[in-house]
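K.L.:
Shown below is the structure under consideration.
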Amino acid sequence: MSELSKISLETKWDKEAAREVIRNLVAYNNQHVAEADQNGAEENFSLVLRDESNQIVGGIVAHLFWHRLKIEIFWVDEQMRGRGWGSRLLQEMEAIAKEKGARLIELDTFSFQAPEFYQKQGYQKFGQVDNFPTGHTHYHFIKRL
């Protein structure tokens, strides 16, 4: 009997198994990453913009790891766009990132979202996936702090 026949492949979501996979990858990565990078803060962040009725009209969700802040979600309600709120949110997140020791910020956006906005804010495109989703482009940006 081969060794592979003793291994099972699970296809359903298992939160604890996912955490174990993450722990194992982090342990492996830490063998190859400078200790100075490993010792950086690891935190989740969010900034929330609320209107006068306490409704959420914008926000950023980000994760700091290895001195890199990854903006996972950045949204501003369509009625609030063009008034400087997006710039203000992004500048505040950049200030937090610097304060926490981040050396760069990474984010992604689609062609129907705001690639020009990020370029105006000093972000540089470092990659793109054409025709994803169909008919659009998926852009990747970075800003060194």
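K.L.:
Is there a residue being in contact with a Phe, Trp or Tyr (Cβ under 7 Å, 6 or more places away or on another chain), outside any helix (DSSP H, G or I) and β-branched (Val, Ile, Thr) anywhere in segment 125-135?
P.N.:
Within segment 125-135 (the criterion being in contact with a Phe, Trp or Tyr (Cβ under 7 Å, 6 or more places away or on another chain), outside any helix (DSSP H, G or I) and β-branched (Val, Ile, Thr)), the answer is no, since none of the residues qualifies.
K.L.:
I'd like to check something: does segment 86-99 contain any residue that is outside any helix (DSSP H, G or I) and out of contact with any Leu (no Cβ under 7 Å at 6 or more places or on another chain)?
P.N.:
Scanning segment 86-99, I find no residue that is outside any helix (DSSP H, G or I) and out of contact with any Leu (no Cβ under 7 Å at 6 or more places or on another chain), so the answer is no.
K.L.:
Could I ask something else about it? Only one of 135, 59 is over 18 Å from the mean Cα position of the chain (by Cα) and small (Gly, Ala, Ser); which?
P.N.:
Selected residue: 135, the only one of 135, 59 that is over 18 Å from the mean Cα position of the chain (by Cα) and small (Gly, Ala, Ser).
K.L.:
Scanning for something among the β-branched types (Val, Ile, Thr), surrounded by 14 or more Cβ atoms within 10 Å (Cβ to Cβ) and within 19 Å of residue 122 (Cβ to Cβ), does segment 39-57 turn up at least one residue?
P.N.:
No.
K.L.:
Within segment 21-38, track down each residue that is surrounded by 11 or more Cβ atoms within 10 Å (Cβ to Cβ) and either under 30 Å from residue 85 (Cα atoms) or acidic (Asp, Glu) (or both).
P.N.:
37
Any read-out appearing in this document is the output of simple, stated calculations on the displayed coordinates, not a laboratory observation. Bear in mind the structure is a predicted one, so any value in this text is a computation, not a measurement. Don't worry about glycine lacking a Cβ; one is built from the backbone with ideal geometry, like all the others, and counts go over all protein chains shown.
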